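So the structure is just underneath, and the comments pick up after that.
The values are calculated or read from the model by the stated rules, or taken from the named source; none is laboratory data. All values derive from a computational prediction rather than experimental measurement. As a convention, Cβ positions derive from the backbone with ideal geometry for all residues, glycine included, and neighbour counts pool all protein chains shown. The area values use the complete protein model at the heavy-atom level, side chains included, leaving out ligands, DNA and RNA. Shrake-Rupley method; radii C 1.70, N 1.55, O 1.52, S 1.80 Å.
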Amino acid sequence: MADLIFIALAFFAITGAIAMIVYKSPMYSALGVLVTMLSVAGMFALLNATFLFLVQIIVYAGAIMTLILFILMFLNIKDEDLPNEPNKYKLIALGTAIMIPLNILVLKAISNLPSKDLSISDSDFGAIKPVGLELYNNWIISFELISILLLIALIGSVVLAKKRKSKLNSKED
């Protein structure tokens, strides 16, 4: 049963990725990314990696996709504003032709690895508590520095947006 669910999730992930590349509308492309992210979250759930599952749902499928969709709606991009891409499908075919031999090489290398037990472990693998303990005991300085960096980026984006708004207002006067 888990194999069938994995195959379905893999199919949805690949279909969402293809939709992201093929659709011309940025909104449909963003929805393709959302399908891919939710499928990857489902794969994490199948692996019993609860922390990664929750992070994938809350951070990526939730917050990041909300931000992307908000920006797309805020920009209000019309079809005539989008660039003309006459060679889009040729480039997609070229990229596919380049990647297929590389993927075959990787799959051959993986098939030559020694066999291991791939059953799902009943340990606390993927649980939230060990990740939190590791993060706050051994990586607290890095965690705090990243939070300060994100705060600085947020303040910088607000300052840049206000400067742009004030320049636009001064040009209108």
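Couplings 3J(HN,Hα) for segment 9-18, derived from phi with the Karplus relation 6.51 cos²θ - 1.76 cosθ + 1.60 (θ = phi - 60°), are 5, 5, 4, 5, 5, 5, 5, x, 5, 5 Hz, where x marks Gly and Pro.
Of K24/K162; K24/K88; K24/K90, which pairs sit farther than 21 Å apart, going by alpha carbon to alpha carbon? Table pairs above 21 Å Cα-Cα are K24/K162.
Highest GNM mean-square fluctuation among K163, K108, K78, for the chain modelled with Cα contacts below 10 Å: K163. Using a probe radius of 1.4 angstrom, the carbon and sulfur fraction of the accessible surface of the chain is 73%.
If you count, for each residue, the other Cβ atoms within 10 Å and average over each peptide, how do 41-47, 54-60, 85-91 line up from highest to lowest?
41-47, 54-60, 85-91
Largest GNM mean-square fluctuation across S25, S39, S115, computed for the chain with C-alpha springs under 10 Å, falls on S115. Full extension of the chain between S25 and F74 gives 16.2 nm of extra length, using 0.36 nm per residue less the Cα-Cα distance. A Förster radius of 41 Å combined with the Cβ-Cβ distance from T15 to E144 puts the calculated FRET efficiency at roughly 0.55. What the chain shows is 80 Å² of accessible area per residue, with the surface traced by a 1.4 Å probe over protein heavy atoms.
Ordering of 15-23, 97-105 by packing is 15-23, 97-105, highest average first (other Cβ atoms within 10 Å, averaged per residue). Listed values for segment 139-149 are Karplus-derived 3J(HN,Hα) couplings in whole Hz (6.51 cos²θ - 1.76 cosθ + 1.60, θ = phi - 60°), namely 10, 5, 5, 4, 4, 5, 5, 5, 5, 5, 4, and x replaces Gly and Pro.
Springs between Cα atoms under 10 Å define the GNM used for the chain, and in it the highest mean-square fluctuation of G156, G95, G32 occurs at G156. Relative to the dominant Cα principal axis of the chain, helix 128-138 is inclined by about 70°. What the phi angles of segment 42-50 give under the Karplus curve with 6.51, -1.76 and 1.60, with θ = phi - 60°, is a coupling list of x, 5, 4, 5, 5, 7, 6, 9, 5 Hz, glycine and proline written as x.
Which value in deg cm²/dmol, rounded to the nearest 500, describes the helix-derived mean residue ellipticity at 222 nm for the chain, given -39,500 (n - 2.57) per DSSP H run of n ≥ 4 and division by the residue count?
Rounded to the nearest 500, it is -25000 deg cm²/dmol.
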